[in-house]
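So the structure is just underneath, and the comments pick up after that.
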Amino acid sequence: MSSDLPEYFFRVRENGALVFRVDTENRQRRIEMDQIAVVNIRNGEIKPHGDRTLSEDDIEVIRDWMAERQEVLAHRDIDDIHRAVDYLNLTAQWAQSRATEDQLENVTDALLLAMHDLRAVLVRKKADRLMKGD
């Protein structure tokens, strides 16, 4: 089993990860995880944990993970937006066919404001793209 484990483990957190070195080669044959770094995806910062010095291999593995993680997050962002489009369509169908007056009263103002804000942003961004194309 120990040969199946990766050498590094990344505990994901909101803006990056804690990086651990996985060790199974000890006398007790236990899995030990030793924190070696803290990673910030947003600014690309890699901070060694405590007094540690990271090897070139450590840094390379961490940078590879960061690049892969950024791709995953970018994919999730666009997937979330496509889901939002689906939710808007489902919400329109709900409002038209199943919503009660009380339910509509409860959500109408919030939905209208959110959609107005979204529309304004999308129109402005579309205009900016069209102006760059000229």
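The values are calculated or read from the model by the stated rules, or taken from the named source; none is laboratory data. The model shown is predicted, which means the values in this text are computed figures rather than measured ones. Don't worry about glycine lacking a Cβ; one is built from the backbone with ideal geometry, like all the others, and counts go over all protein chains shown.
Filter the stretch 52-65 for residues that are more than 13 Å from F20 (Cα to Cα) and either β-branched (V, I, T) or in contact (Cβ under 8 Å) with a residue 40 or more places away in the chain (or both) and give the result. Walk me through it before giving the result.
Of the stretch 52-65, the ones more than 13 Å from F20 (Cα to Cα) are 53, 55-57, 60, 63-64.
Of everything in the stretch 52-65, just one residue is more than 13 Å from F20 (Cα to Cα) and either β-branched (V, I, T) or in contact (Cβ under 8 Å) with a residue 40 or more places away in the chain (or both), namely T53.
Take D102 and decide whether it is modelled with pLDDT under 95 and exposed (fewer than 10 other Cβ atoms within 10 Å of the Cβ). Can you show your working first?
Working: modelled with pLDDT under 95: no; exposed (fewer than 10 other Cβ atoms within 10 Å of the Cβ): yes.
Judged against the criteria, D102 is not a match.
I'd like the residue in the stretch 81-99 that is part of a helix (DSSP H, G or I) and of a type in the set (G, A, S) and, out of all such residues, is surrounded by the fewest Cβ atoms within 10 Å (Cβ to Cβ).
Per the stated criteria, the residue is S97.
May I ask you to list the residues in the stretch 31-63 that are farther than 16 Å from E7 by Cβ, over 27 Å from the mean Cα position of the chain (by Cα) and not β-branched (V, I, T)?
D51
If the requirement is being surrounded by 14 or more Cβ atoms within 10 Å (Cβ to Cβ), under 30 Å from L122 (Cβ atoms), among the hydrophobic types (A, V, I, L, M, F, W, C) and out of contact with any Pro (no Cβ under 6 Å at 6 or more places or on another chain), which of these qualifies: I41, I78? If you could, list the steps in order and put the result at the bottom.
On the way: I78 fails: surrounded by 14 or more Cβ atoms within 10 Å (Cβ to Cβ).
Residue meeting the stated conditions: I41.
Yes/no matrix, rows are residues, columns are (1) of a type in the set (K, R); (2) without any contact (Cβ under 8 Å) to a residue 60 or more places away in the chain; (3) in the same structural domain as N15 (by TED's automatic domain parsing):
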residue	(1), (2), (3)
R69	yes, yes, yes
H75	no, yes, yes
V123	no, yes, no
L130	no, yes, no
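Which of the following residues is aliphatic (A, V, I, L, M) and touching a helix residue (DSSP H, G or I) at 6+ places or on another chain (Cβ under 7 Å): I78, I41, I62?
I41
Regarding the stretch 35-56, can at least one residue be identified that is modelled with pLDDT of 95 or more and in a helix (DSSP H, G or I)?
The answer is yes, given that some residue of the stretch 35-56 is modelled with pLDDT of 95 or more and in a helix (DSSP H, G or I).
Determine, yes or no, whether D51 is among the acidic types (D, E) and in contact with a His (Cβ under 9 Å, 6 or more places away or on another chain).
Here the answer is no, as D51 does not meet what is asked.
Identify, from the list N15, N26, the residue that is polar (S, T, N, Q) and free of Cβ contacts under 8 Å to residues at least 12 places away in the same chain.
Step by step, each of N15, N26 is checked, and only N26 is polar (S, T, N, Q) and free of Cβ contacts under 8 Å to residues at least 12 places away in the same chain.
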